[in-house]
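The values are calculated or read from the model by the stated rules, or taken from the named source; none is laboratory data. Quantities reported herein were computed from a predicted structural model and do not represent experimental measurements. Cβ placement follows ideal geometry from the backbone for every residue including glycine, while neighbour counts extend to all protein chains displayed. Accessible surface is based on the protein model in full, side chains and every heavy atom, while ligands, DNA and RNA are left aside. Shrake-Rupley method; radii C 1.70, N 1.55, O 1.52, S 1.80 Å.
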Amino acid sequence: QKEVEQNSGPLSVPEGAIASLNCTYSDRGSQSFFWYRQYSGKSPELIMFIYSNGDKEDGRFTAQLNKASQYVSLLIRDSQPSDSATYLCAVNKGGAQKLVFGQGTRLTINP
Amino acid sequence: SAVISQKPSRDICQRGTSLTIQCQVDSQVTMMFWYRQQPGQSLTLIATANQGSEATYESGFVIDKFPISRPNLTFSTLTVSNMSPEDSSIYLCSVEKKNIQYFGAGTRLSVL
């Protein structure tokens, strides 16, 4: 079992719809969860982070965390073509500060 | 956040040579990290570099192949030694500030 798993996609969503990205992790000691966006040929940039169970909203983005199910998700509302990118889920390893990344989900927003 | 400068941005190297990648951050940070991103893949942590101590390497990565320096709180280097085509990858440095990791632009390395 991989430490952090994501569906690699590609995930295709029409413009204006909600994009839902999912991630599961194996280490129950993990405490911090991150979503990074990576455009082709660019470095990852932080979109959201979440530490507590529940939802966290920032503009069009909502991160959801369920520690009991070891599941974290990212919702993108009113999807725009500029949201087309690879989204990387990252989890801190065993409470330490180093991150383990999932394989990423490639998202395409269709105009 | 953090402003991170990584050099070179890209390079083409011959098999058997070595390349040193530099990472400079605009403020003092305790922890710096080096990652590799192979074509079409996600990020894999190579090592954690703390100032004043030897780098801590992840499984599958060794100091002889990837020596790291951390002379002060704003600078680190990663050397890719005795390169082979399998080392062709993007190498990224990151810094941790207030529990968030920020990434440099990366070094795209091609080994012929």
Check: Of the numbered conditions (1) under 30 Å from B:LYS7 (Cα atoms); (2) in contact with a Ser or Thr (Cβ under 6 Å, 6 or more places away or on another chain); (3) small (Gly, Ala, Ser), A:ALA19 satisfies every one except a single condition; which is it?
Finding: (1)
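Using the structure shown, decide if B:VAL62 is in contact with a helix residue (DSSP H, G or I) (Cβ under 7 Å, 6 or more places away or on another chain) and away from every other protein chain (no Cβ under 14 Å).
Details: in contact with a helix residue (DSSP H, G or I) (Cβ under 7 Å, 6 or more places away or on another chain): no; away from every other protein chain (no Cβ under 14 Å): yes.
Here the answer is no, as B:VAL62 does not meet what is asked.
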Note to self: With the requirement that a residue be in contact (Cβ under 8 Å) with a residue 40 or more places away in the chain, crowded, with 18+ Cβ neighbours inside 10 Å and under 20 Å from B:ILE4 (Cα atoms), what does segment A:30-48 give you?
What the structure shows: A:PHE34, A:TRP35, A:TYR36, A:ARG37, A:GLN38, A:PRO44, A:ILE47
Notebook entry, point to check: What is the residue count in segment A:6-15 for residues that are modelled with pLDDT under 95 and either of a type in the set (Lys, Arg) or open to solvent by 60 Å² or more (accessible area, probe 1.4 Å) (or both)?
Noted result: 3
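Hey, among A:ILE18, A:ILE76, which residue is crowded, with 21+ Cβ neighbours inside 10 Å and of a type in the set (Val, Ile, Thr)? So that I can check it myself, show each step before the final result.
Numbers: A:ILE18 fails: crowded, with 21+ Cβ neighbours inside 10 Å.
Selected residue: A:ILE76, the only one of A:ILE18, A:ILE76 that is crowded, with 21+ Cβ neighbours inside 10 Å and of a type in the set (Val, Ile, Thr).
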Notebook entry, point to check: Got at least one residue in segment B:12-29 being within 14 Å of chain A (Cβ to nearest Cβ), surrounded by 19 or more Cβ atoms within 10 Å (Cβ to Cβ) and either in contact with a Gly (Cβ under 8 Å, 6 or more places away or on another chain) or among the charged types (D, E, K, R) (or both)?
Noted result: yes
Item checked: Number of the condition not met by B:PRO8 [criteria: (1) surrounded by fewer than 17 Cβ atoms within 10 Å (Cβ to Cβ); (2) farther than 20 Å from A:GLY41 by Cβ] -> (2)
Notebook entry, point to check: Based on what the data block shows, is A:GLN31 in contact with a Gly (Cβ under 6 Å, 6 or more places away or on another chain) and farther than 21 Å from A:LEU107 by Cα?
Noted result: yes
Note to self: When the residues of segment B:65-99 are narrowed to those that are open to solvent by less than 10 Å² (accessible area, probe 1.4 Å) and under 26 Å from A:MET48 (Cα atoms), which ends up nearest to the other protein chains (Cβ to nearest Cβ)?
What the structure shows: B:LEU92
Check: Which of (1) without any contact (Cβ under 8 Å) to a residue 40 or more places away in the chain; (2) within 19 Å of B:LYS97 (Cβ to Cβ); (3) crowded, with 19+ Cβ neighbours inside 10 Å is the odd one out, the single condition A:ALA90 does not satisfy?
Finding: (1)
Note to self: List the strands (runs of 3 or more DSSP E) inside segment A:23-111, counting only whole elements, that have at least 3 residues being away from chain B (no Cβ under 14 Å) and under 30 Å from B:SER59 (Cβ atoms).
What the structure shows: A:71-76
Notebook entry, point to check: Can you find even one residue in segment A:4-16 that is more than 14 Å from chain B (Cβ to nearest Cβ), in a strand (DSSP E or B) and touching a helix residue (DSSP H, G or I) at 6+ places or on another chain (Cβ under 8 Å)?
Noted result: no
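Give A:LYS98, A:LYS67 a once-over and let me know the one that is touching a Leu at 6+ places or on another chain (Cβ under 9 Å) and not polar (S, T, N, Q). Steps first, answer last, please.
Working: A:LYS67 fails: touching a Leu at 6+ places or on another chain (Cβ under 9 Å).
Matching residue, one of A:LYS98, A:LYS67: A:LYS98.
Please enumerate the residues belonging to segment A:36-52 that are under 17 Å from A:SER69 (Cβ atoms) and at pLDDT 95 or above.
The initial filter retains those residues of segment A:36-52 that are under 17 Å from A:SER69 (Cβ atoms), namely A:50-52.
A:ILE50 - this is the single residue of segment A:36-52 that is under 17 Å from A:SER69 (Cβ atoms) and at pLDDT 95 or above.
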